[in-house]
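Let me begin by presenting the structure, written as structure tokens, before commenting on it.
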């Protein structure tokens, strides 16, 4: 019953968002046309429902060749590949708004696991890869809230971001998304949407664990200084 209700809510919210925010979205489009590389939208192939690929749509916030520059698919705090307007769009999460088009198409939903590029998807443990996208990917989700400031985690770690992500972050992200599937409901989704808005305006990393006390135990991600010599060598 809930999947049907979830899809109905998705369509309603996507249409209302486009109608109400259209003047604001037009302003953003103009700002992007006049800055950076003059690109408005960014399309990229992602892994989605049942591990099938689709093209995600976002506002362009980085240089077009970004996947082949610097840290590739991983973005750091103050990443030089991010454009001036793009920095604001990313911090405010406004860059995610065009994904309402993916919702209308049926590729995505409002709340679900974030869709990944294949390279990043392969960082998940095998048992997570088989189950994480048994639900549609979402614009926001429990993983998006917990990893609200993922860029800062990478910056503080001071290590190869891909190795660090695979060893420390991907397994925990997977646990969070499996928790979501086991607890998916109308009220869970409403709480996640509320928390998404709240942490953007008032960053509070521990709030999500108070709202959802059954979440996998909060994980602390180590910095370079906190690792043993063997771990530093492994991640270098």
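The values are calculated or read from the model by the stated rules, or taken from the named source; none is laboratory data. These numbers come from a predicted model, not from an experiment. Ideal geometry is used to build each Cβ from the backbone, glycine not excepted, and the neighbour counts take in all protein chains shown.
Based on what the data block shows, is residue 110 surrounded by fewer than 20 Cβ atoms within 10 Å (Cβ to Cβ), touching a residue at least 60 places away in the same chain (Cβ under 8 Å) and over 23 Å from residue 220 (Cβ atoms)? It would help to see each step written out before you state the result.
Values: surrounded by fewer than 20 Cβ atoms within 10 Å (Cβ to Cβ): no; touching a residue at least 60 places away in the same chain (Cβ under 8 Å): yes; over 23 Å from residue 220 (Cβ atoms): yes.
No, not satisfied.
Across the stretch 64-80, not a single residue is classified as surrounded by 13 or more Cβ atoms within 10 Å (Cβ to Cβ) and at pLDDT 90 or above. Looking across 129, 136, one residue alone is farther than 24 Å from residue 87 by Cα, touching a residue at least 60 places away in the same chain (Cβ under 8 Å) and within 15 Å of the chain's Cα centre (by Cα). It is 136. With respect to (1) in contact with a strand residue (DSSP E or B) (Cβ under 7 Å, 6 or more places away or on another chain); (2) within 22 Å of residue 197 (Cβ to Cβ), the lone exception for residue 21 is condition (1). Among the residues of the stretch 85-94, is there at least one that is over 18 Å from residue 196 (Cα atoms), free of Cβ contacts under 8 Å to residues at least 40 places away in the same chain and outside any loop (DSSP other than H, G, I, E, B)? So far as the stretch 85-94 goes, yes, one or more of its residues are over 18 Å from residue 196 (Cα atoms), free of Cβ contacts under 8 Å to residues at least 40 places away in the same chain and outside any loop (DSSP other than H, G, I, E, B). Do we find that residue 32 is out of contact with any strand residue (DSSP E or B) (no Cβ under 6 Å at 6 or more places or on another chain), more than 22 Å from residue 201 (Cβ to Cβ) and surrounded by 19 or more Cβ atoms within 10 Å (Cβ to Cβ) in this structure? Yes: the conditions hold for residue 32.
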